[in-house]
Amino acid sequence: AGCISFFLTLPPLPLQMVALERQVFDFLGYQWAPILANFFHIIIVILGFFGTIQYRPRYIVVYTVWTALWVAWNLFIVCFYLDVGGLTKESNLLTFDISAHHSWWREHGPGCVRREMTQPGVGIVDSQSYISVMGCLIEYQYIEVLHSATQILIALLGFVYACYVISAITEEEDSFDFVGGFDPFPLYHVNEKPSHLLLKPMYL
């Protein structure tokens, strides 16, 4: 049973590792909305991992519900970076309009050359720099879309996994109840015999 339990807990591990990798780059880009979403995702994945080991179907159900929300969130990210449905990747929606930061991959993607030029006529303290990025092998929005697409695929696998584990645990509990017998009050019958034995000497 221990080996089976360990085998069943393997699917959430890639989910957690990919989310951690994504969390690092979202922190570097100050993307506060994805940071919060990744944080909750990691917590729920750990909860599902714990629920599988401890045979707690309720925890796995929570993980299953969150998986549906996680897929919806990543579909939103895909639409955001592809400018679908009135969304635009140039907006500050993912930073809650706190700052004008964008995806970390925008300036640090594979092959990107970043050049920073200070605007003339502005003081050094309050100077603002214009950043030019050239030579990127792949545009940053496609990297973000690839991340989200990977999360969606893994989440769908996790959903199927969670449904299977819930079914397996439920069947195991049902079979255990069947082996235990059909008597709904086993403790009552166990204690009934000693009570007669204690009362016998009183009538003798």
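The values are calculated or read from the model by the stated rules, or taken from the named source; none is laboratory data. Only a predicted model underlies this, so the values are computations on that prediction, with no experimental measurement involved. When we count neighbours, we look across all protein chains shown, and the Cβ atoms used for this are built from the backbone with ideal geometry, even at glycine. Surface accessibility is based on the protein's heavy atoms, side chains included, excluding ligands, DNA and RNA. Shrake-Rupley method; radii C 1.70, N 1.55, O 1.52, S 1.80 Å.
Points worth noting:
- Out of 84, 61, 65, sole residue that is open to solvent by 60 Å² or more (accessible area, probe 1.4 Å) and not in a helix (DSSP H, G or I): 84
- Lone qualifier among 93, 75 - being touching a residue at least 24 places away in the same chain (Cβ under 8 Å), closer than 17 Å to residue 29 by Cβ and open to solvent by 80 Å² or more (accessible area, probe 1.4 Å): 93
- Meets criteria (more than 20 Å from residue 151 (Cβ to Cβ) and open to solvent by 50 Å² or more (accessible area, probe 1.4 Å)) for residue 115: yes
- Residue 27 vs. criteria modelled with pLDDT under 90, part of a helix (DSSP H, G or I) and more than 18 Å from residue 150 (Cβ to Cβ): no
- Residues in segment 35-58 that are of a type in the set (A, V, I, L, M), at pLDDT below 90 and crowded, with 22+ Cβ neighbours inside 10 Å: 45 alone.
- Scan of segment 32-58 for residues that are without any contact (Cβ under 8 Å) to a residue 12 or more places away in the chain, part of a helix (DSSP H, G or I) and over 30 Å from residue 93 (Cβ atoms), ordered by number: 50, 58
- Of the residues making up segment 96-105, those that are surrounded by 15 or more Cβ atoms within 10 Å (Cβ to Cβ) and modelled with pLDDT under 90 are 101, 102.
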